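To keep things clear, I will list the structure first and then write my remarks on it.
The values are calculated or read from the model by the stated rules, or taken from the named source; none is laboratory data. Note that the structure is a prediction, hence the values are computed from the model and not measured. Glycine gets a Cβ as well: all are built from the backbone with ideal geometry, and neighbour counts include every protein chain shown. We work out accessible area using only protein heavy atoms, side chains counted, and drop any ligands, DNA or RNA first. Shrake-Rupley method; radii C 1.70, N 1.55, O 1.52, S 1.80 Å.
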Amino acid sequence: MNIIRTEKLDFEYDAESGRGLVLKELDLEIEEGSFVAILGHNGSGKSTLAKHMNAILLPTGGKVFVSGMDTSDEERLLEIRRTVGMVFQNPDNQIVANVVEDDVAFGPENIGIPTAEIRTRVDEALKAVGMYEYRNHAPHLLSGGQKQRVAIAGIIAMRPRCIVLDEPTAMLDPSGRREVLDTVHRLNRENGITVVLITHHMDECIDADRLIVMADGAIIADGSPREVFPQVELLRDTGMDVPATVGLAWELRKAGYDMPLDALSAEECAEALYRVFG
Amino acid sequence: MLKDITLGQYFPGDTLVHRLDPRTKLVMTILYIVVLFLAKGPISYLAVFLFLAISIGVSRIRLKTILSGLKPILILILITAILNLLYNRGETVLLRFWRITITLEGVFTALTMALRIVMLIAGTLLLTYTTSPLQLTDGLEQLLNPLKKIHVPVHELSMMMSIALRFIPTLIEETDKIMNAQKARGAEFDTGNLIQKAKAMLPLLVPLFISAFRRADELATAMESRCYHGGEGRTKLKVLTMERRDWITLIVGLLMLALVIALRRLGL
């Protein structure tokens, strides 16, 4: 079943400026329960696409459906937003309250959940992201990775079926990045929440079920990471790079060695090297 | 250096005063101020003073803390006292030299005025020392709730207040960063005269404002995508409840008011 579907989605920020379309006739379906990574460099339209997934932006042409609901239907706005939650880049700018648990409660409070149930949801959400011990802390005293996990908990507490994360790791250090990605993968695996991860880090896409590459407002590649990354020339033509493992295999192939291009993880790559040279 | 600024001046604790509902404390503070201004004679003042002293005692806030909170208004108290001393035209002259006349009535008014200000500030300090800013905004929102009927945006105001409180540490941190960045490029913030110092603040304020606007924009988007749509149909994780201790405290406050009105009638 599809949780998100776009039909010939066109979007431009300002029709009179003549800067042209940010998204061009985009057709996309996202399967419920899957982990989808959307890769693209700055200006590829990936963040703009993300903002269409919970009706923050509305299409200038075409349609977007969230579990069958048209996002331009204002009557169902709240229902759409509680179905698809959104986590943004800067954790500081999405935390509303002075205390961690109050912030996580913000979403459920907005949709009118009874007090006793908010309590259970908040506790559940904080446990799911491993921040339960910090429930009474002030958010500004937490690390970047912890803040981002609190932001994720704030979304989970609304019990969405899908989470869209718009470059959630861009402002974090490597350990914070790891924390956030592990959390997101676990939520996908254990709670069955659909995850759409927008990123420009190749490495974050390797474990995804599906990888979509965007450039200039259009999808240029779509498939499993093993299908997409071997298209080294296509990716490099649009100014993107490939994971270091694929890059290495590519160079070796050019030098005449029979390296597989779909050995994405460091372990797989090492094994392939061992087979080729050993 | 900026991180050292204490904000809200809340001292966490678990005393009766801390545990009271913020609404009770707000109402009591208002009652206390009314009573203080109704008080006329020495006995009334003594009664109000005792009430304040007991409250401070129960709250376990150290006297030193209260006194240091009074320090910024010391000059105000002195000026009020001196002006009252000089301009009160009483009957009993104590001292007369050059054009200055000091009367017994003048001394008395000066002292009561000074005492009144000290007690006023000490009482309100007790409120902010024992109530977290968040509780205060929450209590204020609940108290002002009836005003919604005449279209006062009570929920929106309290939301703005709590967001402002939430962003103070974030913006302080940011100011620190910008200051360091400007210093690294040769800006000087603490040299020169007042005008030079004010001018030096400009390269600090412009980036700070730009970033504050950007943050506000992003926060609004994030709030919307978390289904925020104003106060309508909103529930709360922490509901304020009036306990028995709150009602008892309020009754004590009302008795206090009655007592001072009675004493005023009697001219005490």
Residue check, residue B:179 open to solvent by less than 40 Å² (accessible area, probe 1.4 Å) and in contact with a helix residue (DSSP H, G or I) (Cβ under 8 Å, 6 or more places away or on another chain): yes
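Any chance you could count how many residues in the stretch B:130-142 are in contact with a helix residue (DSSP H, G or I) (Cβ under 7 Å, 6 or more places away or on another chain) and within 18 Å of residue B:15 (Cβ to Cβ)? Step through it out loud before you land on a result.
If we filter the stretch B:130-142 for residues that are in contact with a helix residue (DSSP H, G or I) (Cβ under 7 Å, 6 or more places away or on another chain), which is where we start, we get B:130-131, B:133-142.
From the residues that got through so far, the ones that are within 18 Å of residue B:15 (Cβ to Cβ) too are B:130-131, B:135-136, B:139.
Result for the stretch B:130-142: 5.
Table: residues versus (1) under 24 Å from the mean Cα position of the chain (by Cα); (2) surrounded by fewer than 17 Cβ atoms within 10 Å (Cβ to Cβ); (3) closer than 26 Å to residue A:31 by Cα; (4) among the aromatic types (Phe, Trp, Tyr).
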site	(1), (2), (3), (4)
A:203	yes, yes, yes, no
A:210	yes, no, yes, no
A:220	yes, no, yes, no
A:236	yes, yes, no, no
A:255	no, yes, no, no
A:259	no, no, no, no
Candidate set: the stretch A:20-42, residues that are touching a residue at least 40 places away in the same chain (Cβ under 8 Å) and not in a strand (DSSP E or B); chosen: the one nearest to residue A:181 (Cα to Cα): A:34
field: Matching residues, the stretch A:123-164, being within 12 Å of chain B (Cβ to nearest Cβ) and assigned to a strand (DSSP E or B)
entry: A:163, A:164
query: What number of residues in the stretch A:147-184 are open to solvent by 10 Å² or more (accessible area, probe 1.4 Å) and in contact with a Phe, Trp or Tyr (Cβ under 7 Å, 6 or more places away or on another chain)?
result: 1
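Residue-by-condition table, conditions (1) surrounded by 13 or more Cβ atoms within 10 Å (Cβ to Cβ); (2) away from chain A (no Cβ under 14 Å); (3) among the charged types (D, E, K, R); (4) not in a loop (DSSP other than H, G, I, E, B):
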{"site": "B:197", "(1), (2), (3), (4)": "yes, yes, yes, yes"}
{"site": "B:205", "(1), (2), (3), (4)": "no, yes, no, yes"}
{"site": "B:218", "(1), (2), (3), (4)": "yes, no, yes, yes"}
{"site": "B:221", "(1), (2), (3), (4)": "yes, no, no, yes"}
{"site": "B:233", "(1), (2), (3), (4)": "no, no, no, no"}
{"site": "B:239", "(1), (2), (3), (4)": "no, no, no, no"}
task: Can you give me the number of residues within the stretch B:246-267 that are of a type in the set (Lys, Arg) and exposed (fewer than 14 other Cβ atoms within 10 Å of the Cβ)?
output: 1
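Does at least one position in the stretch A:75-86 carry a residue that is open to solvent by 10 Å² or more (accessible area, probe 1.4 Å), more than 14 Å from chain B (Cβ to nearest Cβ) and either modelled with pLDDT under 90 or in a helix (DSSP H, G or I) (or both)? If you could, list the steps in order and put the result at the bottom.
Residues of the stretch A:75-86 that are open to solvent by 10 Å² or more (accessible area, probe 1.4 Å), as a first pass: A:75-79, A:81-83.
Then drop every residue that is not more than 14 Å from chain B (Cβ to nearest Cβ), which leaves none.
Scanning the stretch A:75-86, I find no residue that is open to solvent by 10 Å² or more (accessible area, probe 1.4 Å), more than 14 Å from chain B (Cβ to nearest Cβ) and either modelled with pLDDT under 90 or in a helix (DSSP H, G or I) (or both), so the answer is no.
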- line: Condition set under 24 Å from residue B:246 (Cα atoms) and among the hydroxyl-bearing types (Ser, Thr, Tyr), scope the stretch B:37-91, selection most open to solvent (accessible area, probe 1.4 Å): answer is B:55
task: Hey, could you check the stretch A:57-74 for residues that are buried (at least 18 other Cβ atoms within 10 Å of the Cβ) and without any contact (Cβ under 8 Å) to a residue 60 or more places away in the chain and say which is farthest from the other protein chains (Cβ to nearest Cβ)?
output: A:59
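Where in the stretch B:68-156 are the helices (runs of 4 or more DSSP H), entirely inside, with at least 1 residues that are under 23 Å from the mean Cα position of the chain (by Cα) and over 30 Å from residue B:19 (Cβ atoms)?
Those helices (runs of 4 or more DSSP H) span B:74-87, B:104-130.
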field: Contacts under 6 angstrom Cβ, first residue in the stretch A:230-257 being assigned to a helix (DSSP H, G or I), partner not aliphatic (A, V, I, L, M), 6 or more apart
entry: A:232/A:250; A:245/A:269; A:246/A:229
message: Among (1) open to solvent by less than 40 Å² (accessible area, probe 1.4 Å); (2) farther than 30 Å from residue B:28 by Cα; (3) not acidic (Asp, Glu), there is one condition residue B:228 misses while meeting the rest; what is its number?
response: (1)
